[in-house]
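Peer 1: Following this message is one structure expressed as structure tokens.
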Amino acid sequence: MADKRHENEKDAQLESFRVDDKGKYMTTNQGLRVSEDELSLTAGVRGPTLMEDFHFREKMTHFDHERIPERVVHARGFAAHGEFQLYESMEQYTKAKIFTDTSNKVPVFVRFSTVNGSKGSGDTARDARGFATKFYTEEGNYDLVANNIPVFFIQDGIKFPDVVHSFKPEPHNDIPQASTAHDNFWDFVANNPENAHMVMWIMSDRAIPRSFRMMEGFGVNTFRFVNAAGEAFFIKFHWKPKLGVHSLVWDEAQKLMGIDPDFHRNDLWDAIERGDYPEYELGVQIVPQEDEFKFDFDLLDATKLIPEEEVPVKIIGKMTLTNNVDNFFAETEQVAFHPGNVVPGIDFTNDPLLQARLFSYIDTQLIRLGGPNFHELPINRPICPFHNNQRDGFHRQAINIARVNYHRNSLQGNTPAPASPEQGGYKHYEEKVDGKKIRGRSKSFIDFFSQAKLFWNSMSEPEKKHIIDAFSFELGKVKSKSVRRQNVDLFANVDLQLAQKIARNIGVKPPTQGGSPVTKTSPALSQLNTTMTAKTRKVAVIISNGFHGNVIKSILDYWKKEGLVVEFISEDLGPVKGTNGVVLEAVQNVYTAQSVLYDAVFMVRGSSTDKMFNEKAAYFIDEAYRHKKTIGAIGEGKKWLEANQMVNKPGVVTDENVTEFARHFVQAVAHHRHWNR
Ligand code: HDE
């Protein structure tokens, strides 16, 4: 991997902490060479172990303390290094160097995550995904801690423990893992109607992404840009994946939880190792201060989005992920993100969810990372110098050499000295705030259903069907009939037909009235309107000895050029020989490969004398077909499609002409799925 490393300032800093044990003598942590690592020090070969065996004690003690608490949410994550490049200066809106200096590539570290499941749960659970980015800027670390869904369950952070308790495994028996399909969650949903919009998203395809590389990221909360003249703008952040936004189907996601619980991890890791570096463009929606009250919702309400058709997303830069981590624990597990890590030119709003977040992240990290010095961990260190009078605490790394550790002082010329804004000192936006101390919610937060309906209206037919299926699955698992009915009643406020369909599927009397009057749509919300490309899609090629070498080679060459990734599946692992001396390497056989691991199937070979092969291959194609994936066949392979009446169906490619076949196959794969099948 080292040869592919993309070096930048952060990488250089990390390099000074990397340790390579290869070829070295084994020592204790005190540096003492160890002469024996398999046998404890005992009194005689059959006698008791001796207390003085410091090597045994050190080895065992360290092991005993290897685990740290997992994150209370977003426990399961996967991360990569990369760089951010700004396209054009945003100085009109912000003075942040990262958004004004186009000459600089800023190192980033991105951690993707599920929210609900434990660290060891599966990747493809129905859930929101975290999308947290740390920008190591010359002005300090800036964290954009985002999700792949643009809204949230609740409007006030004080309810965060409640929503999280409700979706986590139930407290009496710790069931279910990484799933919202249980009574407590849906009881919370029905009784806290502000979450209706978010729950529509959670029931949609967005909650089962095809890949971390094919997800949007949203800052959710409204932030503020402040320019050099002190003018402020409301800002919503967006990450847009270059590969478009695509999802799995539910049946596939469920199977992957067993077949490959690391499906998203493998996908990201492999793409980076191959050199298919994931790319995301950064966009901002900019709202001038004077337009604060122009919308039919409140900008401070995190259960609402700003439709892209009303305020376009201005694309301002691109992030490319170029390196996998060297060590999961040191980097992915120990990284600490915080929405409060900002730089001059980026500021907060009074969004009550954001305000709560500003407290929670550091608070939880203090216990998770065991003290106040986790900013010194290599992955969390800024690349710029940092100086203050903070001292001591568990695991302190810095050896502060000065005697002075207080401000103001005369012994050290009153340094470290606060900097003026002109010198780069952070100055909070001077918003005028004046009000009574109350516990209350603004009336402008009270419309819970209009945007839930906007989302529903914007879905294509297959997306709507998936939402109904998801509600039916989840609520169908709820044991309390009262909770099932309460939810049908809640979602009748969004769309009557939706609620009626769910009701029929879960044994609840369909409601007869309800529905939000909103008729607006936001086409940007539908995944059918996203970028469609075959690039980096994974094709299973089922093949055996004796294939037509030149034909297959020309197809594979074309696909490679178009960015498809192929994997060969044969009866046995190892070389598969075709005519004209073409040899391919089967890395999977029908015992190890499953259709859910691929985006498309190419059948080159016909049936076999091996009954097991025939059964497995038939199941493979049938399942891929049901999951609406592209299927292609030539020669003998076509017999499978004929036997299953798949010929001439949408997304089934069988052209006689090899060039046409190769081209049409790529076009079909770019479609992602063939919903009209
Ligand atoms: Fe978080 N969130 N969150 N969150 N969040 C955490 O911080 C919290 C929210 C998000 O890969 C925790 O270090 C509160 C919205 C991501 O390490 C914790 C509220 C969004 C990650 C926390 C929210 C997020 C976290 C747990 C409502 C999308 C994973 C571990 C008031 C914009 C970061 C940790 C990583 C993690 C609190 C809501 C995104 C407990 C109180 C909205 C991507 O501090």
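Peer 1: Pick out the one residue from Phe56, Phe99, Phe78, Phe63 that is of a type in the set (Phe, Trp, Tyr) and within 16 Å of the ligand (Cβ to nearest atom).
Peer 2: Phe78
Peer 1: Among the residues of segment 341-353, are any in a helix (DSSP H, G or I), within 14 Å of the ligand (Cβ to nearest atom) and out of contact with any helix residue (DSSP H, G or I) (no Cβ under 7 Å at 6 or more places or on another chain)?
Peer 2: Within segment 341-353, not a single residue is in a helix (DSSP H, G or I), within 14 Å of the ligand (Cβ to nearest atom) and out of contact with any helix residue (DSSP H, G or I) (no Cβ under 7 Å at 6 or more places or on another chain).
Peer 1: Further question: Tell me which residues, restricted to segment 480-529, are within 28 Å of His246 (Cβ to Cβ), free of Cβ contacts under 8 Å to residues at least 40 places away in the same chain and charged (D, E, K, R).
Peer 2: Of everything in segment 480-529, just one residue is within 28 Å of His246 (Cβ to Cβ), free of Cβ contacts under 8 Å to residues at least 40 places away in the same chain and charged (D, E, K, R), namely Lys501.
Peer 1: Name the helices (runs of 4 or more DSSP H) wholly inside segment 561-677 in which the number of residues that are closer than 26 Å to Phe263 by Cα is 3 or more.
Peer 2: On the way: elements: 611-626, 638-643, 658-670.
Answer list for segment 561-677: 611-626, 658-670.
Peer 1: Could you please find all residues in segment 512-558 being β-branched (Val, Ile, Thr) and under 17 Å from Lys629 (Cβ atoms)?
Peer 2: As a first pass, look at segment 512-558 and keep what is β-branched (Val, Ile, Thr): 512, 518-519, 521, 530-531, 533, 536, 539, 541-543, 551-552, 555.
Thr533, Thr536, Val539, Val541, Ile542, listed by residue number.
Peer 1: Hey, could you check segment 327-340 for residues that are surrounded by fewer than 17 Cβ atoms within 10 Å (Cβ to Cβ) and not in a helix (DSSP H, G or I) and say which is farthest from the ligand (Cβ to nearest atom)?
Peer 2: The extreme case among them is Asn327.
Peer 1: Let me ask another. Between a first residue in segment 357-368 that is part of a helix (DSSP H, G or I) and a second residue that is among the basic types (Lys, Arg) and near the ligand (Cβ under 7 Å from one of its atoms), which pairs have beta carbons less than 8 Å apart while being 6 or more apart in sequence or on different chains?
Peer 2: Within 8 Å, the pairs are Thr364/Arg71; Arg368/Arg71.
Yes or no, residue by residue, for (1) of a type in the set (Gly, Ala, Ser); (2) more than 32 Å from the chain's Cα centre (by Cα); (3) in the same structural domain as Ile158 (by TED's automatic domain parsing):
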position	(1), (2), (3)
Pro352	no, no, yes
Ala356	yes, no, yes
Tyr361	no, no, yes
Arg368	no, no, yes
Asn388	no, yes, no
Ala402	yes, yes, no
Arg408	no, yes, no
Pro416	no, yes, no
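Peer 1: When the residues of segment 106-158 are narrowed to those that are hydroxyl-bearing (Ser, Thr, Tyr) and closer than 15 Å to His264 by Cβ, which ends up farthest from the ligand (Cβ to nearest atom)?
Peer 2: Just the residues of segment 106-158 that are hydroxyl-bearing (Ser, Thr, Tyr), to begin with: 113-114, 118, 121, 124, 133, 136-137, 142.
Restricting the remaining residues to those that are closer than 15 Å to His264 by Cβ gives 113-114, 121, 124.
Numbers: Ser113: 5, Thr114: 10, Ser121: 15, Thr124: 18 Å.
Ranking the candidates gives Thr124 first.
Peer 1: Note down all Cβ pairs under 8 Å where the first residue falls in segment 653-666 and is more than 16 Å from Glu636 (Cβ to Cβ), the second is of a type in the set (A, V, I, L, M, F, W, C) and not in a helix (DSSP H, G or I), and they're at least six residues apart or on different chains.
Peer 2: His664/Val653; Phe665/Ala600; Phe665/Phe602; Phe665/Val653; Val666/Ala534; Val666/Leu564
Peer 1: When residues of segment 164-208 are filtered for being closer than 30 Å to Lys240 by Cβ and surrounded by fewer than 19 Cβ atoms within 10 Å (Cβ to Cβ), how many remain?
Peer 2: 1
Peer 1: All but one of (1) buried (at least 18 other Cβ atoms within 10 Å of the Cβ); (2) in contact with a strand residue (DSSP E or B) (Cβ under 7 Å, 6 or more places away or on another chain) hold for Lys538; state the number of the condition that does not hold.
Peer 2: Of everything listed in (1) buried (at least 18 other Cβ atoms within 10 Å of the Cβ); (2) in contact with a strand residue (DSSP E or B) (Cβ under 7 Å, 6 or more places away or on another chain), Lys538 misses just condition (1).
Peer 1: Same structure, new question: State the number of residues belonging to segment 576-604 that are among the charged types (D, E, K, R) and buried (at least 16 other Cβ atoms within 10 Å of the Cβ).
Peer 2: Number satisfying all stated conditions: 1.
Peer 1: Counting only residues that are among the basic types (Lys, Arg) and closer than 22 Å to Phe471 by Cβ, which one in segment 187-233 is nearest to the ligand (Cβ to nearest atom)?
Peer 2: Per the criteria, the residue is Arg206.
Peer 1: Return the pair list, or none, for Cβ contacts closer than 8 Å from residues in segment 624-649 that are among the hydroxyl-bearing types (Ser, Thr, Tyr) to residues that are part of a strand (DSSP E or B), at least 6 apart or on different chains.
Peer 2: Taking only residues 6 or more apart or on different chains, the pairs are Tyr625/Ile631; Tyr625/Val652; Thr630/Ala600; Thr630/Val601; Thr630/Val652; Thr630/Val653.
Peer 1: Within segment 253-297, can you find the residues that are small (Gly, Ala, Ser) and more than 29 Å from Gly82 (Cα to Cα)?
Peer 2: Passing the criteria: only Gly258.
Peer 1: Looking for whichever is away from the ligand (no atom under 16 Å from the Cβ) and in contact with a helix residue (DSSP H, G or I) (Cβ under 8 Å, 6 or more places away or on another chain) here; the options are Glu376, Glu308. Which one fits?
Peer 2: Glu308
Peer 1: Which numbered condition in (1) part of a helix (DSSP H, G or I); (2) farther than 18 Å from Thr124 by Cβ is the only one that Arg213 fails?
Peer 2: Only one criterion is unmet by Arg213, namely (2).
Peer 1: Scan segment 321-353 for residues that are farther than 19 Å from Ala302 by Cα and among the hydroxyl-bearing types (Ser, Thr, Tyr) and report the count.
Peer 2: 2
Peer 1: Looking only at segment 605-616, count every residue that is closer than 30 Å to Trp250 by Cβ and not acidic (Asp, Glu) and tell me the total.
Peer 2: Within segment 605-616, the subset closer than 30 Å to Trp250 by Cβ is 612-616.
Narrowing the set further to residues that are not acidic (Asp, Glu) leaves 612-614, 616.
The number of residues fulfilling the criteria is 4.
Peer 1: OK, next. Of the residues Ala302, Ala356, Ala402, which is of a type in the set (A, V, I, L, M) and exposed (fewer than 14 other Cβ atoms within 10 Å of the Cβ)?
Peer 2: The match here is Ala402.
Peer 1: I would also like to ask the following. Can you tell me which residues in segment 575-603 are at pLDDT 95 or above, under 27 Å from Asp251 (Cα atoms), of a type in the set (A, V, I, L, M) and touching a helix residue (DSSP H, G or I) at 6+ places or on another chain (Cβ under 6 Å)?
Peer 2: Val596, Ala600, Val601, Met603
Peer 1: Considering (1) modelled with pLDDT of 95 or more; (2) more than 19 Å from the chain's Cα centre (by Cα), say which one Asn104 fails and leave the rest.
Peer 2: With respect to (1) modelled with pLDDT of 95 or more; (2) more than 19 Å from the chain's Cα centre (by Cα), Asn104 is out only on (1).
Peer 1: Sticking with this structure for a sec: Among the numbered conditions (1) assigned by TED's automatic domain parsing to the domain that holds Asp557; (2) out of contact with any Gly (no Cβ under 9 Å at 6 or more places or on another chain), tell me where Thr654 comes up short.
Peer 2: Here Thr654 meets the rest and fails (2).
The values are calculated or read from the model by the stated rules, or taken from the named source; none is laboratory data. In this text, all values refer to a predicted model and were calculated from it rather than measured experimentally. Note that we place each Cβ from the backbone using ideal geometry, even for glycine, and neighbour counts take in every protein chain shown.
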